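All remarks here apply to the structure that follows.
The values are calculated or read from the model by the stated rules, or taken from the named source; none is laboratory data. Note that the structure is predicted; figures quoted are calculated from it, not measured. Cβ: placed from backbone, ideal geometry, glycine included. Neighbour counts: every protein chain shown.
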Amino acid sequence: MNHTYELTRRSLLAQMTSGLTGVAISRLLSPELLAASTSRPHFAPKAKQVLQIFCPGGASHVDLWDHKPMLEKFHDTPMPGGEQEVTFQGKNGNLMRSPWAFVPAGQSGKMISSMLPHMSKHVDEMAFIHSMTSRTNTHGPGCIYMNSCFTREGFPSAGSWVSYALGSSNENLPTYIAIQDVRGEPPNGKANWGNGFLSAQYQAVAMAAQQPLRNLAKPALVTPEAEIATRDFLNLINSGHAAAHPGNDELLARIAAHELAAKMQMTAPAVSDLSSEPDHVHALYGTADSNKLKAAYAKNCVLARRFLEQGVRYVSLYCASRASAVDGLLNWDAHKTLKADYERHCPIFDQPTAALLTDLKQRGMLNDVVVVWCTEFGRMPTHQEGTSGRDHNPDAFTTWMMGAGIQGGVSHGATDDFGRRSVVDVATAYDFYATLLHILGLDHEKLTYYHNGANRRLTDVHGHVIKRILA
């Protein structure tokens, strides 16, 4: 049977009533309502939104968050039991202390790198997970794993799962936004915020202060009246086409995507316009800093806050990009020159990120927003043979959370004396996201999607909520 929807004068008159009804319905079809399978919170949530801050490149736990006095004491001596150990890029040399001192911060006295003076002001509100592990020692799969709990592409990112589960709280903006660094996309690019086997409406919209959404401006020759008339006509056509194909969720999602794009023409430019921010906010973040990379990241931090303020459900903010021909130049991958690399990256990250946390707090937004900081794995406590840098370490790294639903000033898990391996309350990405979903009122074992004969879930068949860090 031919279901092609043909618009003739007679069919227009015949379907005017149902068409106008379709227009009204399409106005109500926010992304939250489109998928019949979309869940609701399984229990009362502590948070409604997520800010994910991701530092690609394997940011070193033993140089930023995880203080190891024994590493300082036994500097430049062989690591016990690891004298002949070969890791990602080859053989390792002796133990190497951090080039920078760790200092106590906050009322808790949490030891944190002196390279992060602004971030140190928030340690009493953070819950550190010091015993993270990864399933891979390679950047691309590592980033994918830390975003989707799978090392292979094709699985939905955590932001897509949350979008699928909770839908939108602002029908004029995307549910999920990925803000990429001015230096480029992270390893494996858009797969980090992809929808996998979920409907395309659940992937993130990628944008940044330096690269706002393209093709949103209305052509000068198109009048507002013509724009409205065109949209109404498209609604009529779409409602008729949908009526001819009942139960086609992909079609409904596509119609909703075009509806969202039209709404974003009005909303997104205003949200992306940072010129409306007062001078003291720009000064807080450092958007006019002489370091152009820092200024660009600071603008992205302001943009992240503005999107969260408008109710965007999940915002991923990236600080650094993919690997380059020079290790550590574009991201935190400090194989050869750790000191020079991190003296480049830490100032870019420190003030703007701390300002974002301060801004969220003073606006009362941390009552609804849970903030998570991620990287794909850690670094070795030794130096790479023949260099003054560190190799990849998937057996130990640190993440942290703060904000809604989180008990601040606590540390969960621990690595060994040198930071080589996680040994106490060993944690995985499955546990990390089981905990995040719990804070959002979702049971990670019940949030599923039937695909290829299996009820898939973000945490695969693993994961336990880390109750130690919950408020």
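Computed quantities for the displayed model
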{"quantity": "In segment 86-111, residue surrounded by the fewest Cβ atoms within 10 Å (Cβ to Cβ) [restricted to those that are aromatic (Phe, Trp, Tyr) and modelled with pLDDT of 95 or more]", "calculated": "Trp100"}
{"quantity": "Any hit, segment 81-88, residues being part of a loop (DSSP other than H, G, I, E, B), under 30 Å from Leu317 (Cα atoms) and not aliphatic (A, V, I, L, M)", "calculated": "yes"}
{"quantity": "Segment 385-410 - residue that is in contact with a Lys or Arg (Cβ under 6 Å, 6 or more places away or on another chain) and of a type in the set (S, T, N, Q) and, of those, farthest from Asp66 (Cα to Cα)", "calculated": "Thr387"}
{"quantity": "Qualifying residue in segment 329-343 (condition: small (Gly, Ala, Ser) and modelled with pLDDT under 95)", "calculated": "no"}
{"quantity": "Residue that is farthest from Val372 (Cα to Cα) [pool: residues in segment 168-209 that are surrounded by fewer than 23 Cβ atoms within 10 Å (Cβ to Cβ) and among the acidic types (Asp, Glu)]", "calculated": "Glu171"}
{"quantity": "Residue check for Val424: farther than 17 Å from Lys121 by Cα and touching a Leu at 6+ places or on another chain (Cβ under 7 Å)", "calculated": "no"}
{"quantity": "Tally of residues being within 26 Å of Ala298 (Cα to Cα), surrounded by fewer than 22 Cβ atoms within 10 Å (Cβ to Cβ) and in contact with a Ser or Thr (Cβ under 6 Å, 6 or more places away or on another chain) across segment 112-167", "calculated": "1"}
{"quantity": "Gly58 being under 19 Å from Tyr318 (Cα atoms), part of a loop (DSSP other than H, G, I, E, B) and in contact with a Ser or Thr (Cβ under 9 Å, 6 or more places away or on another chain)", "calculated": "yes"}
{"quantity": "From the options Ala127, Ala158, residue that is among the hydrophobic types (A, V, I, L, M, F, W, C) and more than 21 Å from Thr358 (Cβ to Cβ)", "calculated": "Ala158"}
{"quantity": "Near pairs, Cβ below 7 angstrom, 6+ apart or cross-chain, from segment 59-83 (more than 11 Å from Pro381 (Cα to Cα)) to any residue that is β-branched (Val, Ile, Thr) and in a loop (DSSP other than H, G, I, E, B)", "calculated": "Ala59/Thr375"}
{"quantity": "Whichever residue in segment 185-230 is out of contact with any Asp or Glu (no Cβ under 7 Å at 6 or more places or on another chain) and of a type in the set (D, E, K, R) and, among such residues, is modelled with the lowest pLDDT", "calculated": "Arg214"}
{"quantity": "Filter result (free of Cβ contacts under 8 Å to residues at least 24 places away in the same chain and touching a Leu at 6+ places or on another chain (Cβ under 7 Å)) within segment 288-332", "calculated": "Ser324"}
{"quantity": "Residue check for Thr337: without any contact (Cβ under 8 Å) to a residue 60 or more places away in the chain, within 27 Å of Pro69 (Cα to Cα) and among the β-branched types (Val, Ile, Thr)", "calculated": "yes"}
{"quantity": "So Val371, is it surrounded by 24 or more Cβ atoms within 10 Å (Cβ to Cβ), over 20 Å from Ser131 (Cα atoms), at pLDDT 95 or above and in contact with a Leu (Cβ under 9 Å, 6 or more places away or on another chain)", "calculated": "no"}
{"quantity": "Strands (runs of 3 or more DSSP E) contained entirely in segment 383-465, each with at least 2 residues that are surrounded by 20 or more Cβ atoms within 10 Å (Cβ to Cβ) and at pLDDT 95 or above", "calculated": "397-403, 410-412"}
{"quantity": "Residues that are without any contact (Cβ under 8 Å) to a residue 40 or more places away in the chain and either of a type in the set (S, T, N, Q) or over 15 Å from Ala158 (Cβ atoms) (or both), drawn from segment 406-454", "calculated": "Asp416, Arg421, Thr435, Glu445, Thr448, Tyr450, Gly453, Ala454"}
{"quantity": "Those residues of segment 284-326 which are touching a Ser or Thr at 6+ places or on another chain (Cβ under 8 Å) and over 30 Å from Lys48 (Cβ atoms), in sequence order", "calculated": "Ala295"}
{"quantity": "Cross-chain or 6+ apart pairs with Cβ under 6 Å, segment 92-113 first and without any contact (Cβ under 8 Å) to a residue 40 or more places away in the chain, then acidic (Asp, Glu)", "calculated": "Arg97/Glu72; Ser98/Asp63"}
{"quantity": "Residues satisfying the stated conditions in segment 349-363, i.e. in contact with a helix residue (DSSP H, G or I) (Cβ under 6 Å, 6 or more places away or on another chain) and farther than 16 Å from Ala59 by Cβ", "calculated": "Ala355, Leu356, Leu357, Asp359, Leu360"}
{"quantity": "Residue list for segment 325-360, filter: among the polar types (S, T, N, Q) and either farther than 15 Å from Cys301 by Cα or crowded, with 22+ Cβ neighbours inside 10 Å (or both)", "calculated": "Asn331, Thr337, Gln351, Thr353"}
